[in-house]
1. Give me, ordered by chain and number, the residues 5 or more places off N37 or on other chains with an amide H under 5 Å from its own placed amide H.
2. Which whole-Hz couplings ³J(HN,Hα) result when phi for each residue of region 29-42 is put into the Karplus expression 6.51 cos²θ - 1.76 cosθ + 1.60, θ = phi - 60°, listed in order with x for Gly and Pro?
3. Using amide H atoms built 1.01 Å from N in the peptide plane, name the residues 5+ places from C171, or on other chains, whose amide H lies under 5 Å from its own.
4. First measure r as the distance between the Cβ atoms of N161 and S22, then evaluate 1/(1 + (r/R0)^6) with R0 = 22 Å and state the FRET efficiency to the nearest 0.05.
5. Sort 25-34, 145-154 by the packing proxy (mean of other Cβ within 10 Å over each peptide's residues), most packed first.
Amino acid sequence: MRLTLFLLIAFSVSGYSQELDSLTVKNAAFIGVVKINEIEDWGSGNSMLYATPVHCFKVTKILENQVVFQVKGDPSSLAEGYEYLVFAQDGPDRRYSLNKDSRILWQGDSEKDVDYLLSVLPCFDSKIKELRGYGCFYRDGLPVCGCDSQTYTSPCEALRNGIVIFKQGVCK
């Protein structure tokens, strides 16, 4: 069984931007940089974005090697192969939701935001560690370096150890 994390984007993402503040960070259930691997048009204003988590800062649910964004609206301002900083609210099951209060920024425009997030968010979250009941289906394949300078075999393994800030790749 393959579990994938779904994010619902309920607005047009083109031209969207807002000032990052502590309320935006506090209200987000997921904050992370993702790399879009594929954009699939499902018609009727619906699309799917398949993305890899590159740098996670805050999560409330166990996530695997791939994040899937369900888009309602026009994703034409997003492009495959590029990285975006995403702020999403909580949704049902293993899903997150994006709405008019959320943000999607091209990674090149978010360096100050990343620095800010690293300065205000904790490395460890005991609440995410309590989700150990959720199994990791991809234990290998996408190693991540946790904010504790430990290498984990997957984003899921880092989260199962309570580490909520991590980057794609092995620790140096």
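Bear in mind that the values in this text are calculations on the coordinates, not laboratory data. Because the structure is a prediction, the values reported are computed rather than measured. Ideal geometry is used to build each Cβ from the backbone, glycine not excepted, and the neighbour counts take in all protein chains shown.
1. Under 5 Å from the amide H of N37: Y50, A51, T52, G81.
2. Result, ordered by residue: 8, 9, 9, x, 8, 10, 9, 6, 8, 7, 10, 10, 7, 9 Hz.
3. Distant-sequence amide H within range of C171: T151.
4. Details: r = 27 Å, r/R0 = 1.21.
Using R0 = 22 Å, I get an efficiency of 0.25.
5. So the order, starting with the most tightly packed, is 25-34, 145-154.
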